[in-house]
Amino acid sequence: MNALLVYPRFPDTYWSFRYALSFQGKRAAQPPLGLMTVAALLPAPWKRRLIDTNVERLKDSDLAWADVVMISAMHVQQEDAIAIIRRCRARGVRTVVGGPITSSLPAQDLEADHIVIGEAEDIIADLARELEDGTARPVYEAAERPAMERSPLPDLSLIRMKRYSTMTVQYSRGCPFNCEFCDIIEIYGRRPRTKPVAQVLAEFDQLYARGWRGPVFVVDDNFIGNKVRVRELLRAVAAWQHEHGHPFRFITEASLNLSDDRALLQSMKEAGFASVFLGIETPDESSLAATQKLQNTRRDLLESIAAIQQYGIEVMGGFILGFDTDREDIFDRLVDFIQKSAIPIAMVGLLQAMPGTQLFRRLSREGRILHSGGGNNTGCDLNFLPRMNAARLVEGYRSVLQRIYSREAYYERVRAYLHRCRPQYRANMNLGQLRALFLSILRQGVLGRARLSYWKFVLLAATRYRKSFGAAMTMAVMGYHFQIMTDRIAGAEN
């Protein structure tokens, strides 16, 4: 059979990094790891193609070639996923849809011929056989969560790596915490499952053999969910990096209790972890307690963030507005917190009640759900009735974005980040980095609206933070994306 694997397009959001990627000549931040893994699970005789619509167009000739189209998507990709399904249906091509979206939306809303709910490792063999026999069922649901060693090496031959800014590896699934608004624990469970160390190193070997050098995103939702096993992995990764000349710079996601473990932070530093995304959510402890984000309570959040930064690890932060306990002062408090935190990449979103979460179920009981939502928490569309006046909440959200992503405020946070972390990228700039530098000077320093702020920042980076100049200019480029998105959101109608 001919299997066409299709990844739907993401809408433009803070998370897309679209306007920053253009500086590097890249088309998307990361490749579709889930589909590359599914491709490796398909029967050996099957022919495979992968179309990531974030980097290339899905053509009619692709659909004409396919016996079946297999789509993986997240909730935020819903609109494009359904458009692709309808296009396939019009041509009489069978469709299979999986990924987190099938745990969020009812099967009938997706309009596909076949739905896969849950993790694919124990499902694909039966699905493939029944597709060949013409007996495939409408819905396949995983009976249990598979052991991670059942996940094969992703098929990298299906993508053009140069189109992406970052490669991806998955080490674990699941998170031990119980945040009310989180769908990760609902889909992947609260008992973290991990791949064997040798399996992770084999994925590094595969990336290295194909010529990848640079950032690698370890896509776990909580990399330190199992601290005992992650220590073993980090020792092996540090040795692998040393043997191969430190070709990778790792990015991951973790919980804030990472700051409590200095030995673990040192191990991450030695292994080459340069950035970590933390779900900080809010400086209001009553909101953290009410939403069961207890791992962030009973601690000084700013001190915890600074403790991680002291190991040269950049902290990226996720923040949420719209909790039931938010008061009128939350907007000013959040801006003040973000500025003091030295977190340049501060992803602030409005609370979304994701289907399948504890939050969605509670709000449904209270009669406060408006619709299932689109999965984009950086827009201004609320899918529930908040306690705060909705118009005031959206107005306050926009004001926070405008303040934290003003050029002056953003560059001040980058300066503080450079001072705390002292990041050092490779001394020799490659062609992509030279291109990004040239375009940054042109778009921000020559044609930009805030040229004075830009040149003050560049001069500071070139003199006081010379060894971190590459990191500084990367942050300047990232700021360009955030500022465009902020202008768009701030200017949108209510």
Out of Ala476, Ala490, which single residue is assigned to a helix (DSSP H, G or I) and either closer than 18 Å to Gln424 by Cβ or among the aromatic types (Phe, Trp, Tyr) (or both)?
Ala476
Take the conditions more than 30 Å from Leu459 (Cβ to Cβ) and part of a helix (DSSP H, G or I) and apply them to Leu393. Does it pass?
yes
Is it true that Ile115 is assigned by TED's automatic domain parsing to the domain that holds Gln206, outside any loop (DSSP other than H, G, I, E, B), among the aliphatic types (A, V, I, L, M) and out of contact with any Lys or Arg (no Cβ under 7 Å at 6 or more places or on another chain)?
no
Can you say whether Gly211 is surrounded by fewer than 14 Cβ atoms within 10 Å (Cβ to Cβ) and either on the phi > 0 side of the Ramachandran plot or in contact with a Ser or Thr (Cβ under 8 Å, 6 or more places away or on another chain) (or both), as far as the supplied structure shows?
yes
Where a residue in segment 447-464 is assigned to a loop (DSSP other than H, G, I, E, B) and its partner, wherever it lies, is among the charged types (D, E, K, R), with Cβ under 9 Å and at least six apart:
Gly448/Arg407; Arg449/Arg407; Ala450/Arg407; Ala450/Glu408; Arg464/Arg415
Considering only residues that are on the phi > 0 side of the Ramachandran plot and surrounded by 18 or more Cβ atoms within 10 Å (Cβ to Cβ), which ones fall in segment 145-196?
Gly174
In the set Glu141, Glu232, which member is over 22 Å from the mean Cα position of the chain (by Cα), closer than 30 Å to Leu351 by Cα and not β-branched (Val, Ile, Thr)?
Glu141
Of the numbered conditions (1) modelled with pLDDT of 95 or more; (2) of a type in the set (Ser, Thr, Tyr); (3) in contact with a strand residue (DSSP E or B) (Cβ under 9 Å, 6 or more places away or on another chain), Ser103 satisfies every one except a single condition; which is it?
(1)
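The values are calculated or read from the model by the stated rules, or taken from the named source; none is laboratory data. Keep in mind it's a predicted model, so treat the numbers as computed, not measured. Every residue, glycine among them, receives a Cβ derived from its backbone with ideal geometry; neighbour counts consider all protein chains shown.
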